[in-house]
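What follows is a single structure, written as structure tokens, with notes after it.
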Amino acid sequence: MKTLEIKIDYFSATFPLNVDEQDSLLFKVHEMVRLIAVYMNVKPFEIVRSKYSQNNYNYQYMLGEYIILRLDGPLNASYQRTCHLEMKGDACRDFETRNKDKNWINLILFMAQLNANFKRIDIAIDDYKGDVVNLPWLLDKISKRLYTSVFKSRPRPIGNIEDGMTIQFGGNNSEIELVIYDKHMERITRRKSDTHAYWLRYEMRFRNNNASRVAYKLASLYAKDDVPLYGTKIQKFAFEQLYRIVDFKEETNFNQHNMNLAKTDPKWLEFLHNVEKGELRKPEDDNPLPPSFDAYLEQALPYMVMLLVIKYYQLRKDNNLFDIEVRKMVMDNLTFSKKRFQKLNIYLDQLACKTIDDKELEILKKEFEGVISERTLPF
């Protein structure tokens, strides 16, 4: 068994239902439920409508035993009815179990295609051994005020070590909250089975703008060679964020106002796998998520239609020539920068299509060239 594990343990996002005046609301609700269920790999017989809905939504469905989908809720800034996907603890594990071919970055990119607003993302680091740092060590650092953090208020130790302790940085309404707690004792208290002799959880809770920043950062880590649920990039990101949120210092004579000048305790660095402190850029500064595919088409289609209409009127006496010109126009635009290539592959991946690389792009160009050459032959 691993001594350290990274988990996403809470995921919440809202997104528009996109109901036009001429649309049937119930049809759109069923369509969205089916879309999310298919992506989550939930079978039709596992979809159950709840008797009651929460948070001012008119419809609520259980996708399997744990995943919650609410629909037809409060209006967003664009006056569109919204949906809400909520996945807590067991629901996150359920998503992972059902989708061996996906990771959390895939889900974030899928939600981006739905124009989602990310409301909360929790990233947990589970320590099953406590051989580097443990609760007594953390409490000693806190009591001596040998730490710096992103929070203005001091951390709150709750409970005791024998019966289960929690150290809380920030509050339930904070955009960032860190809760360090004895997960082993928590499960025993809740009468849940647990085979671990030791289990300390460092749970980072990111809400609203910070949830979006986390989503954008994770999306920027997208890579086909990092397929596992928690690839090395996600693990490194988790340690970097924990280091950014709280930095435990070695013994020093610095007072609290100058504590940032003190060196990080080597044990804390060892626990964090010697990463550098991370950062979370503002969404507007660094948003690698592409617009939704529909939004992308809305931008591109007018120009494509305009070009096609012009070509049609120029060449309408010769349909074959028109087809050749269209293919030439497409081929002339089959040049991608690294950034555009990534976005194209993101779209293809979310549409369940095969992604392409430079080699396959050249093959595609040759196929188009072959058709053009064949159709321009004089016989």
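Every number in this text was worked out from the coordinates using simple rules, so none of it is lab data. These numbers were taken from a predicted model, which means no experiment stands behind them. Note: ideal-geometry Cβ built from the backbone for every residue, glycine included; neighbour counts use all protein chains shown.
So the values come out like this:
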read-out: By average C-beta atoms within 10 angstrom, highest first, the peptides 208-216, 153-161; value: 208-216, 153-161
read-out: Distance violations [Cα-Cα > 28 Å] among Lys129/Lys233; Lys102/Lys141; Lys43/Lys119; Lys119/Lys233; value: Lys102/Lys141
read-out: The range 74-91 - phi-based ³J(HN,Hα) in whole Hz, Karplus 6.51/-1.76/1.60, Gly and Pro as x; value: x, 6, 8, 5, 9, 6, 9, 5, 10, 10, 9, 9, 10, 10, 9, x, 4, 5
read-out: Residue-span extension gain [Glu162 to Ser373] - 0.36 nm each, minus C-alpha spacing; value: 68.0 nm
read-out: Glu175-Asn134 pseudo-label distance in nm [points 7 Å out on the Cα-to-Cβ vector]; value: 3.8 nm
read-out: Sorted by Cβ neighbour density within 10 Å, fewest at the top, the residues Thr148, Thr195; value: Thr195, Thr148
read-out: Electrostatic dipole magnitude of the range 1-53 [Cβ: Lys, Arg +1; Asp, Glu -1; Cα centre; debye, to 20]; value: 320 debye
read-out: Fully extended contour minus Cα-Cα distance, from Leu261 to Asn208, at 0.36 nm per residue; value: 16.0 nm
read-out: Length gained when the stretch Asp194-Glu270 is fully extended (0.36 nm per residue, less Cα-Cα span); value: 24.7 nm
read-out: Net charge over other residues, Cβ less than 10 angstrom from the Cβ of Tyr181 (K, R count +1; D, E count -1); value: -1
read-out: For the range 190-206, Karplus couplings with θ = phi - 60° (6.51, -1.76, 1.60), whole Hz, Gly/Pro x; value: 8, 6, 10, 5, 7, 9, 7, 7, 9, 7, 10, 10, 10, 10, 9, 10, 10
